[in-house]
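S.K.: Please read through the structure below; I'll follow up with questions.
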Amino acid sequence: MGHSEDAAPEAGRPAAHRGHDAPVRVLVVDDHPLMSMALRTYVDTTDGMDCLGEVRDGEAAVRDAVRHRPDVVVMDLHMPGMDGIEATEQITARCPEVSVLAVTTFSTERYVIPALRAGAGGYIVKDAEPEEILSAIREVADGAAPFSPAVARDLMLSARDEPAQVEAALRRFPEPPQIPARELEGLRLLASGHSNQEIAQQMVISEATVKAHMGRLMQRLEARDRVQLLIRATLLGLVEPSLD
């Protein structure tokens, strides 16, 4: 396993905030060599990204995340020994400035909800196109919450049909807060799996305005990211899961 030669931040000490033009520093965690090598190749051949290395298990992921403080850990969830859920929980607890993107074969709530409870900032399936995975890495590095449409659907259906499964991670509201019509329109487009760019096109506004809408919605629903926003919006009946 190779790593960059840059000095790593000391353990227990937050890394400096990534500058606007600084590359996204990525650690790849996957126990399948071919998938791990593919992810590393995607990152290393993409402008604005730098792969710090690849590891094969959860214990190594925690060790290297603490040592090198990457911007994003691309985390497989199903691994022998310490799995990706436990590794994610430890990384987000010990390195709150590090974002975790779950990249896995499974999109059911059996895996999605525990990953989000553990602190994953996004969840995308392995059969996604390379550009979708790279886009998700950029988004989670910027504080967004990327997820594959199938993942969003499964998660929202679970929140609607079995809310007890998410109550441990999410607080129910006694009544829905007032949501302005344009923000609600954007929220429903997000719930249908649309990206910021697609929402902007459909609403005839800029992507910056879309991001502003989402920021206000997260404040109104007291959600830390877009995944939590969608779950809470589903629990409140503000949106319905897409069945397409």
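S.K.: Taking the Cα atoms of region 25-157, what is the range of coordinates along each of the three principal axes, in descending order and whole Å?
M.R.: Ordered largest first, region 25-157 gives principal extents of 37, 28, 27 Å.
S.K.: Within region 177-216, whose backbone N sits under 19 Å from a point 7 Å along Cα→Cβ of E131?
M.R.: 193-202, 207
S.K.: Same structure again: Please list, in order, the residues from region 29-61 whose amide nitrogen is less than 17 Å from a point placed 7 Å along the Cα→Cβ vector of A22.
M.R.: Only 48-53 pass the distance filter.
S.K.: Would you work out what percent of the accessible area of region 58-140, with all protein chains in place, is carbon or sulfur (probe 1.4 Å)?
M.R.: Values: 1530 of 3180 Å².
About 48 percent, which is the carbon plus sulfur part of the accessible surface.
S.K.: So, for region 73-131, what is the accessible surface per residue at a probe of 1.4 Å, expressed in square angstrom? Before the final figure, lay out each step's value.
M.R.: Numbers: 2390 Å² over 59 residues.
Here the per-residue accessible area is 41 Å².
S.K.: Now for a different question. Residues with amide H under 5 Å of E222's amide H, sequence separation 5 or more or different chain, H placed in the peptide plane at 1.01 Å from N; which?
M.R.: none
The values are calculated or read from the model by the stated rules, or taken from the named source; none is laboratory data. Everything numeric here is computed off the predicted structure, so don't read it as measured data. Cβ atoms come from the backbone with ideal geometry, glycine included; neighbour counts cover every protein chain shown. Keep in mind that these areas ignore ligands, DNA and RNA; they rest on the heavy atoms of the full protein, side chains included. Shrake-Rupley method; radii C 1.70, N 1.55, O 1.52, S 1.80 Å.
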